[in-house]
Every structure is written in structure tokens, then in C-alpha cells.
Amino acid sequence: MAAFNLEKELKKTNTDHTEIPPLVRSRLDETYASLSQQTPSTARKRVSRLRKISLTAAAAGLLGIGIFASGFVSPVMAASIKNIPIIGSIFSSIQADSGLRAGGELGLASPVNRSISHEDVKLEVTETLYDGTRAVFLVNVTAPNLDHGTYDNGAQTMKLSSAVENVVLSVNGEFQGDEESVLQGGMFYGPAGEAYPNTLVFEQVLDSSAMDKVPDNFTSTVTIKLDGVDHEFTIDIPFEKITTKEIVMDPNTAVTKDDLTFSVTKVSSTPITTRLTTSVTLNGVSSLSSKDELRLRKIGIAVFDDKGQRLASLSGDGVYDGNRLVYDRRYASTPGTSKYLIVKPFIIKDDFAEDVKEDQYLKGLETKIGLSGN
């Protein structure tokens with residue numbers, strides 16, 4: 001099998017649809033460029049832990065925004081509430097990720113009181129959310145060179161998220177890429193929104209195939225490096241899995257149209273994250289050429305709930321296996337419960353979470369997945 005990581009799927013917010021995270025164009029361009037420049041042999045190698053962390057941290061840091069940047073809070077509103085004490089969960093104010101927002105609104109976040117300081121810089125972990133797929137935590141930063149989200153490293157000013165030089169997370173002493181690691185897909189981070197300019201949201205995806213190795217409660221060790229600070233902040237963060245019921249199904253659907261077969265083999269859903277394992281098979285061949293791989297890689301998957309709301313695409317990891325491409329895809333759950341999901345493959349023109357036009361959908365491959373228990 002050949003493995004590769006699907007870049008964090010980010011998108012412009014469209015007020016006509018469910019909130020979708022802002023498009024991070026330069027990060028996508030960087031990933032596309034790295035894929036196009038690789039030879040077939042190197043493209044099939046799994047990236048080492050150090051390389052993976054470097055790419056992820058650099059991409060998010062250079063952009064200074066992540067999937068959590070919110071365009072829904074006006075400067076006037078932000079200014080009016082910035083001095084009001086926090087009531088409830090900060091997650092409930094994250095507009096660009098409906099799953100995290102629901103976690104906050106439903107009271108599923110776990111309060112944490114962990115902090116670490118070096119000289120006059122302090123990092124405080126205030127809350128966590130963990131649903132078995134995503135382990136997410138909030139970090140509030142206090143520093144004399146930080147003012148309402150603007151960070152001064154002594155040479156230039158930047159957004160706080162751009163000041164994160166690197167972040168590394170481990171569980172049970174294992175890092176992503178280690179043989180026994182339960183971590184998958186890289187670390188993603190961004191600002192919590194204009195209402196909380198000095199707070200960052202960090203997210204780590206866990207490997208669904210290794211969940212038996214992770215208890216419902218675990219502690220991770222996180223190391224964060226800030227630009228201009230000659231110190232690495234290392235802190236232990238406890239995670240507690242949410243207690244709401246998780247829907248787990250193995251629908252094993254298969255729909256064939258022309259030379260393609262589309263399958264959904266596994267679905268798991270919590271109020272925070274909906275996770276699908278999908279595959280697209282190129283019929284009539286036993287293995288994929290480079291051209292075939294590109295063709296399958298350019299097929300995105302849009303997921304809708306029973307109200308027609310599109311779930312925001314978050315991230316994914318793909319594996320070439322013979323004549324098919326298998327993906328573990330993650331989406332932000334929409335509010336409330338859904339009796340079924342509509343899963344629609346489409347041809348990617350821009351990025352994996354773009355606003356899809358009707359002529360982009362692959363007719364005849366649409367799949368309906370009933371969600372038992374809802």
C-alpha cells in the first residue's frame with residue numbers, strides 16, 4: 001500500500017450553506033506543489049515524524065490563520081465583549097467549526113487548569129474536547145509583546161498563530177510516525193476567533209485503527225515553541241472522552257457507474273466529528289498508473305445531513321491499495337441529529353472543501369447511509 005496525507009481541507013465561508021472554514025490558499029498550494037514535484041517512488045513514502053510536524057507547523061504558522069478563524073464576529077462586537085469574563089465554553093463561540101461549537105454549547109468540553117511560564121510568557125490550557133477522533137485543546141497566551149492577538153517578536157509583528165514555530169504532541173511517549181503511535185494526520189491549529197484574540201485552538205486526529213490502545217481518559221504531552229522565545233513550553237494535558245453516544249456503522253455500500261466503484265465501508269459520528277472510510281475503485285485494472293492515481297485523488301467527497309446541510313470538510317488520509325484509493329475522512333458534525341447522510345463524490349476543481357457546482361458531481365455514485373439510533 002502507498003500512503004499519503006490529505007492536506008487539511010479548508011474553505012471560504014459561504015453564508016448560503018453550513019459554515020465552512022476559511023480557505024487557506026497558500027497552504028493548499030504548498031501541498032499541491034510538493035505532490036507534483038515528487039517522483040512516484042517518493043510520493044509513496046510515509047513522511048517522517050519530524051518532516052510531518054515541520055510541514056504542518058510551518059503551513060499553519062506562515063498563514064497565521066487556521067480552520068478556526070471566524071469571520072462572523074464584527075470588530076465592534078469583539079471590542080464590546082473582550083473585557084467580559086468568560087461564561088461557559090470558548091468552544092461555543094467558534095463559528096467556523098460546527099462540531100466544536102456544538103461541543104461547547106452542549107457542555108461537553110472539559111475544563112483544564114494547566115499552565116506553564118517562562119520569564120514573563122505564560123501558556124495556559126483552559127479547555128479540552130475529545131470524542132475519540134479529535135483531541136482538541138485551547139491555549140491562552142499571556143506575554144508583554146502580545147496585544148489582542150498581535151505578537152511582536154522584536155523584529156516584526158504578526159498574528160499570534162504565526163508566532164507558533166512548532167508544536168509536538170505525544171501520547172504514551174509515542175509521536176506521530178512511531179510504530180505504536182495512535183496519532184494520525186498531523187497537528188492543526190489556529191486562532192479561537194476575534195472574541196478571544198490571545199487564545200489558540202490546537203487539534204490532533206487519532207488513528208481509528210488504534211483506538212483500542214487509547215483509554216477514554218488519557219494524558220498527552222505537548223511542546224510548543226514560540227517565535228523569539230528561547231524556550232520550549234512543555235505541558236501535560238488531560239483528555240476525557242465525551243460521554244454522548246457514538247454511532248458506529250459498517251454500511252459497506254458499493255455503487256458502480258462506468259469504470260468507477262464508490263464505497264462507504266465505515267461511518268462513525270459524534271456531536272463533534274463525523275468520520276467516513278471511503279474508497280474509489282478504478283475497474284478493469286489491477287494497479288494504478290500515476291495518471292490513474294491523480295484521477296482518483298481529484299475526486300472529493302461531499303457529505304450532507306438529512307436537512308441538506310453540507311458537513312464542513314476537515315481533514316483526511318488516503319492509501320492506494322491495488323486499483324483503489326481508500327480514504328479516512330473527517331467532517332465537522334452539524335447541529336442536532338440526522339437520520340441519514342447523503343454522500344456525493346465530485347470532481348475537484350479548486351480544493352477539497354470547495355463550493356461544488358451541480359456539474360461537478362459524479363452522477364450515479366451518490367450514496368445514502370442510514371444512521372441507526374437517530
(message) Within segment 112-148, take every residue that is of a type outside the set (Asp, Glu), surrounded by fewer than 22 Cβ atoms within 10 Å (Cβ to Cβ) and in a loop (DSSP other than H, G, I, E, B) and give me the one that is nearest to the chain's Cα centre (by Cα).
(response) Gly132
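Give the residues of segment 264-273 that are part of a loop (DSSP other than H, G, I, E, B) and either open to solvent by 50 Å² or more (accessible area, probe 1.4 Å) or in contact with a helix residue (DSSP H, G or I) (Cβ under 6 Å, 6 or more places away or on another chain) (or both), sorted by residue number.
Step one: filter segment 264-273 for residues part of a loop (DSSP other than H, G, I, E, B), giving 270-272.
Listed by number, the residues that qualify are Pro271, Ile272.
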(request) Kindly indicate which of Lys363, Lys344, Lys368 is in contact with a Leu (Cβ under 9 Å, 6 or more places away or on another chain) and in contact (Cβ under 8 Å) with a residue 40 or more places away in the chain. (result) Lys344
(message) Looking at segment 68-77, can you tell me whether even one residue there is at pLDDT below 95, in a loop (DSSP other than H, G, I, E, B), small (Gly, Ala, Ser) and touching a helix residue (DSSP H, G or I) at 6+ places or on another chain (Cβ under 7 Å)?
(response) no
(request) Could you give me the residue pairs with C-beta distances under 7 Å whose first residue belongs to segment 249-273 and is free of Cβ contacts under 8 Å to residues at least 24 places away in the same chain and more than 20 Å from Gly300 (Cα to Cα), whose second residue is in a strand (DSSP E or B) and open to solvent by 30 Å² or more (accessible area, probe 1.4 Å) wherever it lies, and which are 6+ apart or on separate chains? (result) Asp250/Thr265; Asp250/Lys266
(request) Grab the strands (runs of 3 or more DSSP E) fully contained in segment 274-374, keeping just those with 3 or more residues being within 19 Å of the chain's Cα centre (by Cα). (result) 299-304, 312-321, 324-332
(request) Could you identify the single residue in Asn217, Asn198, Asn252 that is in contact with a Leu (Cβ under 7 Å, 6 or more places away or on another chain) and not aliphatic (A, V, I, L, M)? (result) Asn198
(request) Scan segment 182-223 for residues that are open to solvent by less than 10 Å² (accessible area, probe 1.4 Å), out of contact with any helix residue (DSSP H, G or I) (no Cβ under 7 Å at 6 or more places or on another chain) and either within 16 Å of Leu146 (Cβ to Cβ) or small (Gly, Ala, Ser) (or both) and jot them down. (result) Gly185, Ala210, Ser220
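The values are calculated or read from the model by the stated rules, or taken from the named source; none is laboratory data. Since we're looking at a predicted model, the values are computed, not measured. Note that each Cβ is placed from the backbone with ideal geometry, even for glycine, and that neighbours are counted across all protein chains shown. Heads up: the accessible areas ignore ligands, DNA and RNA and are worked out on the full protein's heavy atoms, side chains in. Shrake-Rupley method; radii C 1.70, N 1.55, O 1.52, S 1.80 Å.
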